[in-house]
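To start, the structure itself, in structure tokens.
The values are calculated or read from the model by the stated rules, or taken from the named source; none is laboratory data. All values reported here derive from a predicted model rather than from experimental measurement. Note that we place each Cβ from the backbone using ideal geometry, even for glycine, and neighbour counts take in every protein chain shown. When the accessible area is computed, the model is the full protein with side chains, heavy atoms only, and any ligands, DNA or RNA have been set aside. Shrake-Rupley method; radii C 1.70, N 1.55, O 1.52, S 1.80 Å.
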Amino acid sequence: DRETDTRNRLLQEEERMKGEQEVDAPLERSGPSGSKISMTSGQSHMVGALMQSGMSEQAAISIASVSQKESGGDHTISEKGYGGTSNKKIRGIFSSIRDLSEDELTALKKDNEAFFEKVYGVESSKGSVLGNDEPGDGYKFRGRGLIQLTGKTNYSTASQAIYGDDRLVQNPNLINEDAKTAGQVAAWFITKSGRLKDLDFLTSEEIDQDQARMLADSAYSIV
């Protein structure tokens, strides 16, 4: 019957997901002149996903280096709270809290869920840009993973592009829990705009330092 078929499909999907999570990526990849580049599992999966889009390994490594600055290559990282950040610095980052008094901001930054809802939530200007349209979305869709993906729109679009469904919206923590998912999401974000496609050395197996720097700078600009 329909209920049994649905249950069987869910079980099959669960087993497939387990299989995906058990797949690991090489932690060393080929750098310039045959050198070996050490990477985290998430970074290596990002390189693999970029190579699937047609890039050479060296070009993909150069682009994936952006994750070192964003997360240290650790896909398990979520955007940290701002409890230890000065009020002055917070005011310079988030326009939506500039109307708060010093005491109000000091109290707010001690509560991560309330803070992210204030700066990214449905009633904030940034929230509307990020597609956060329901109460709680600001905290739920805060930055995660290798490049700190932020906002419901990004989670939804990435999920549809990679899986054809809304699993990353239903469970954003998949980015933190699975290195392969984190790598795929980061690669998707870097390539989705098409801003790199005109670089004629993306497929070259011999990237010089200037080209590598250009790719890393371009990736950082996109992120």
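Numbers for the structure displayed
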item	result
Helices (runs of 4 or more DSSP H) wholly inside region 61-142 that include at least 2 residues being of a type outside the set (Lys, Arg), within 28 Å of ALA216 (Cα to Cα) and open to solvent by 20 Å² or more (accessible area, probe 1.4 Å)	66-71, 87-93, 125-130
Count of residues meeting criterion [over 12 Å from ILE190 (Cα atoms) and touching a Gly at 6+ places or on another chain (Cβ under 7 Å)] in region 45-57	2
Scan of region 196-223 for residues that are at pLDDT below 85 and either farther than 14 Å from MET55 by Cβ or among the basic types (Lys, Arg) (or both), ordered by number	LYS197
Hits in region 143-161 - residues which are in a helix (DSSP H, G or I), crowded, with 17+ Cβ neighbours inside 10 Å and touching a helix residue (DSSP H, G or I) at 6+ places or on another chain (Cβ under 6 Å)	LYS152, TYR155, ALA158, SER159
Residue check, LEU202 touching a helix residue (DSSP H, G or I) at 6+ places or on another chain (Cβ under 8 Å) and more than 22 Å from TYR220 (Cβ to Cβ)	no
Filter result (modelled with pLDDT under 75, in a helix (DSSP H, G or I) and open to solvent by less than 70 Å² (accessible area, probe 1.4 Å)) within region 9-53	GLU13, MET17, GLY19, GLU20, PRO32, GLY34
Qualifying positions in region 178-223 - open to solvent by 40 Å² or more (accessible area, probe 1.4 Å), in a loop (DSSP other than H, G, I, E, B) and closer than 22 Å to ALA158 by Cα	LYS192, SER193, ARG195, LYS197, VAL223
